[in-house]
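Written below as structure tokens is the structure these notes are about.
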Amino acid sequence: MNSKAYKSMWFATVLAVFTLFLSSCEGGNPLTGGGAPDMALNNGEHLNELKQLLERKFGADKAVYELSLHSENHLTSEFGNATISYLDKGVDYSQSYLVALGDGQELQAPKMASKGFQKKFFLKNKQGKVKLKELDFDLILTKYDEAIGMIPKEFENFELVQWSFRVNNQNKVAASFKIEGTKKGEKSTRQGRQRVTNYYEFSFKMNEKEDLKIAN
């Protein structure tokens with residue numbers, strides 16, 4: 001794994017995706033074969049559907065200090081899993097929804113953090129909370145589009161692969177997220193029956209005032 005530095009204090013990490021090569025998967029997304037996602041993190045309509053789904057599964061009035069969304073794989077924005085983190089009577093818990101499990105098994109039981117992480121030192125910055133229904137999912141697409149405008153022009157084929165809402169102790173919401181893309185002119189290569197695709201990762205942070213900046 002190598003790191004490459006770009007202008008304006010920009011740091012993009014180049015990594016490689018290895019996928020099993022099948023002749024029917026030529027074109028489109030190097031991981032999904034060009035198939036349209038069912039629920040994409042970079043699609044406004046899908047984000048609305050996703051919020052409704054998570055409110056049904058976790059509870060619209062569930063008060064959390066963090067919600068993390070992840071795509072199902074690299075170089076795709078298709079929703080893969082979500083995790084909420086929250087305090088219940090001062091005890092730190094998390095709960096996940098995992099699409100890949102299917103068959104009604106997607107929603108996991110709440111999981112208590114290990115005893116070592118239940119101490120005051122680890123809980124002191126987890127005292128804020130907002131209800132799931134109060135989180136603004138419209139911000140996801142807005143800030144994703146804004147972030148793409150900050151990425152050097154030599155990159156393309158962008159996908160939103162991770163987004164996290166985080167609530168501070170004053171109940172103000174900030175966020176961090178990652179975008180992946182490819183570099184113009186770089187082609188996928190074959191290694192035996194595998195296809196290798198380089199992708200570049202771009203990290204961003206949004207503060208409580210919704211100001212966006214590059215996260216180095």
- Query: Carbon and sulfur atoms: what percent of the 1.4 Å accessible area of segment 44-214 do they account for?
  - Reply: 45
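Hey, what's segment 115-216 come to in accessible area per residue, 1.4 Å probe, Å²?
The answer is 58 Å² per residue.
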- Note on the structure: Lys and Arg at +1, Asp and Glu at -1: neighbours of MET206 with Cβ under 12 Å from its Cβ sum to +1
- If packing is taken as the mean number of other Cβ atoms within 10 Å per residue, what is the order of 47-59, 159-171, highest first? 159-171, 47-59
- Could you tell me which of the pairs LYS51/LYS184; LYS129/LYS213; LYS115/LYS205; LYS62/LYS119; LYS133/LYS184 are separated by over 28 angstrom between their Cα atoms in the structure shown? LYS51/LYS184; LYS115/LYS205; LYS133/LYS184
- Query: From largest to smallest, what semi-axes in whole angstrom does segment 44-214 give when each is the square root of 5 times an eigenvalue of its alpha carbon gyration tensor?
  - Reply: 31, 20, 16
- Message: If you take every residue apart from ALA100 with its C-beta less than 10 Å away from the C-beta of ALA100, what net charge results, scoring Lys and Arg +1 and Asp and Glu -1?
- Response: -2
- Message: Pairwise over distinct Cα atoms, reciprocal of the mean inverse distance: report the Kirkwood radius of segment 120-216 in Å, one decimal place.
- Response: 15.5
- Note on the structure: Cα extents of segment 147-193 per principal axis, largest first, Å, are 53, 28, 10
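The values are calculated or read from the model by the stated rules, or taken from the named source; none is laboratory data. Computed from a prediction, not measured in an experiment: that's the story for all the values here. In this analysis, Cβ positions are derived from the backbone assuming ideal geometry, glycine residues included, and neighbour counts consider all displayed protein chains. In case anyone asks, the SASA skips ligands and DNA or RNA and just uses the protein heavy atoms, side chains included. Shrake-Rupley method; radii C 1.70, N 1.55, O 1.52, S 1.80 Å.
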